[in-house]
Amino acid sequence: MRRVSCARVLPLALLLVTLAAVPADAGAGGAGAGAGVGAGASAVGTVDAVRGEAARAVRAHETARARVDRLRAADALPTKIKSAERRRKKIRADLWDMLWAAGRASGDPVAVNKSGRGGKCAFQSRNKKKSKNKSKAKTSPKAKAPKAPKAPKAPKALKAPKAKQDKAAAEKKARDTARSWTAPTRDYWLSAGYAASGARWAHRHTGQDFAVSTGTPVYAVGPGTVRATTCGDGFGNQVVVRHPDGYFTQYAHLSRIDVRAGKRVKAGQRLGLSGATGNVTGPHLHFEVRITPYLGSSVPPLPWLRRKDVRVVR
């Protein structure tokens with residue numbers, strides 16, 4: 001967990017302390033983020049200021065990330081790429097520190113208890129291995145049959161030309177890349193989308209909802225490491241995965257969790273089963289893409305998946 005210096009947190013203290021009154025976003029079918037806030041007009045204004053500051057930082061980060069991608073595609077000077085990447089990382093670090101402090105103040109389990117054990121989450125039960133009977137029946141030794149003479153070795157096949165080898169390697173790499181990212185579930189239909197508004201949320205929706213029945217397998221969209229497995233807030237049972245590009249994906253409202261914090265996962269590996277835990281009115285998967293592990297740093301998930309060559313069917 002990142003440590004935050006007092007110098008960075010103190011200017012935000014007055015903004016963050018009121019976040020304890022704000023429940024997490026609930027996703028489709030839920031009583032949305034911030035529903036039921038009754039801290040008064042001044043408290044709501046303060047929360048909106050924090051939310052606005054985080055939203056500006058998210059936009060700045062995505063602009064900086066797009067600039068780094070353009071410079072790399074244009075084969076720009078390494079010094080320019082490094083300078084742009086430093087700026088992106090600085091924006092991300094500041095956003096991370098701010099939202100970590102906000103999460104601690106509001107009791108967000110991802111910031112407080114990322115292992116999920118304190119909330120007694122619905123982890124998959126570990127079946128005890130059946131004890132094996134090591135006793136073996138004694139049998140009379142069998143007479144060994146004489147070894148057959150070895151057949152002569154076939155001549156080694158001639159190696160393909162280097163150009164063909166390179167082409168085959170490139171095709172294999174392309175196939176592997178195509179398989180390295182996937183949709184988070186199957187047999188779904190898309191319900192509430194990113195930034196949707198309505199009576200179900202006090203503010204904009206922060207992810208993409210996949211309408212599926214309870215018990216539908218939920219998969220990691222790409223390779224990564226499980227950052228958190230938590231429960232007990234508006235998101236219910238949830239898993240957060242960190243990917244090699246630095247982004248995080250969140251899978252919420254699960255009925256069961258099949259992984260633990262710290263576990264490495266592959267694309268398409270099952271993380272748990274869909275459900276209706278948390279603040280919802282029906283079963284679905286709430287899928288979110290974030291710059292940090294914490295609420296308030298989400299980006300549009302479907303365009304992010306398209307950059308990974310994943311086409312989500314509407």
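The values are calculated or read from the model by the stated rules, or taken from the named source; none is laboratory data. Note that the coordinates shown come from a computational prediction; the quantities given were computed from them, not determined experimentally. No Cβ is skipped: glycine too gets one built from the backbone with ideal geometry, and neighbour counts run over all protein chains shown.
The figures follow:
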| item | result |
| --- | --- |
| Tally, over the range 200-226, of residues that are touching a strand residue (DSSP E or B) at 6+ places or on another chain (Cβ under 7 Å) and over 23 Å from residue 68 (Cβ atoms) | 15 |
| Count of the range 163-207 residues which are among the β-branched types (Val, Ile, Thr) and at pLDDT below 80 | 1 |
| Subset tally (residues that are over 12 Å from the mean Cα position of the chain (by Cα), in contact (Cβ under 8 Å) with a residue 60 or more places away in the chain and assigned to a loop (DSSP other than H, G, I, E, B)) for the range 228-258 | 6 |
| The range 277-301 - residue that is aliphatic (A, V, I, L, M) and at pLDDT 95 or above and, of those, farthest from residue 54 (Cα to Cα) | 285 |
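One line per residue, one yes/no per condition, for (1) at positive phi; (2) in a strand (DSSP E or B); (3) free of Cβ contacts under 8 Å to residues at least 60 places away in the same chain:
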| residue | (1), (2), (3) |
| --- | --- |
| 222 | no, no, no |
| 226 | no, yes, yes |
| 262 | yes, no, yes |
| 268 | yes, no, no |
| 273 | no, yes, yes |
| 279 | no, no, no |
| 285 | no, yes, no |
